[in-house]
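Novice: To start, I am sharing the structure in question, which I have written as structure tokens.
The values are calculated or read from the model by the stated rules, or taken from the named source; none is laboratory data. Keep in mind that this is a model prediction, so the values were computed, not measured. Because the Cβ atoms are built from the backbone with ideal geometry, glycine has one as well, and the counts that use them run over all protein chains shown.
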Amino acid sequence: MDKKNKKKIWVMNSIFALFCGGILVFLLNAPEETTSFLPKDEDHIKLYSIEGKKEAEKFCAECHDADKIAPLPEGHPPKYRCLFCHKRN
Ligand code: HEC
Ligand code: HEC
């Protein structure tokens, strides 16, 4: 391999390394999770004792459907599987 080619490979490798470093920094800077957790108040505490997420989610609509006491805010993301986003803590 001639000298010129070696240098080219070194340059390409350096660019690749910088690129990987950039992605790593980007990922490490990702914002913290901001979606609200399932509250631990009177309305929700019993939902913590239900083992399966799917089972617990059956109750959400009792209060969070459009015509109930706490309807979802306008522009709420697709609401399929509440507890995947609003985690229990
Ligand atoms: C018995 C009624 C009731 C049930 C059942 C219920 N909620 Fe709620 N929820 C409320 C009410 C009322 C509020 C608003 C007042 C508050 O923050 O507690 C609320 C607020 C919330 C909030 C907002 C918390 C915040 O930080 O602003 C989230 C998230 C939520 N509920 C998720 C759920 C999920 C997920 C389920 C099902 C697993 C569920 N709720 C079941 C009544 C209920
Ligand atoms: C794909 C993720 C996702 C799913 C699934 C989801 N939510 Fe949300 N929810 C959000 C986000 C994000 C917000 C905050 C919206 C904003 O700040 O504008 C929110 C907001 C809310 C709020 C208003 C209070 C708050 O914290 O801002 C309630 C109540 C709520 N969600 C209940 C539910 C219920 C009940 C379900 C299931 C029927 C559900 N969510 C499913 C992501 C989700």
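Novice: Is it the case, given these coordinates, that LYS87 is assigned to a loop (DSSP other than H, G, I, E, B) and of a type in the set (Lys, Arg)?
Specialist: Here the answer is yes, as LYS87 does meet what is asked.
Novice: With the requirement that a residue be under 19 Å from PHE84 (Cβ atoms) and assigned to a helix (DSSP H, G or I), what does region 45-61 give you?
Specialist: LEU47, TYR48, LYS53, LYS54, GLU55, ALA56, GLU57, ALA61
Novice: I need every pair where a residue in region 36-50 that is polar (S, T, N, Q) has its Cβ under 7 Å from the Cβ of a residue that is near ligand 2 (Cβ under 10 Å from one of its atoms), sequence separation at least 6 or different chains.
Specialist: SER36/HIS86
Novice: Residues GLU32, GLU62, GLU42: which one is at pLDDT below 95 and under 28 Å from the mean Cα position of the chain (by Cα)?
Specialist: Sole residue among the options that is at pLDDT below 95 and under 28 Å from the mean Cα position of the chain (by Cα): GLU32.
Okay, residues lined up against (1) of a type in the set (Gly, Ala, Ser); (2) touching a His at 6+ places or on another chain (Cβ under 7 Å); (3) surrounded by 10 or more Cβ atoms within 10 Å (Cβ to Cβ):
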residue	(1), (2), (3)
LYS6	no, no, yes
MET12	no, no, yes
GLY22	yes, no, yes
LYS46	no, no, yes
GLY52	yes, no, no
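Novice: On to the next question. Which residues, taken from region 28-44, are charged (D, E, K, R), surrounded by 10 or more Cβ atoms within 10 Å (Cβ to Cβ) and in a loop (DSSP other than H, G, I, E, B)?
Specialist: Matches in region 28-44: LYS40 only.
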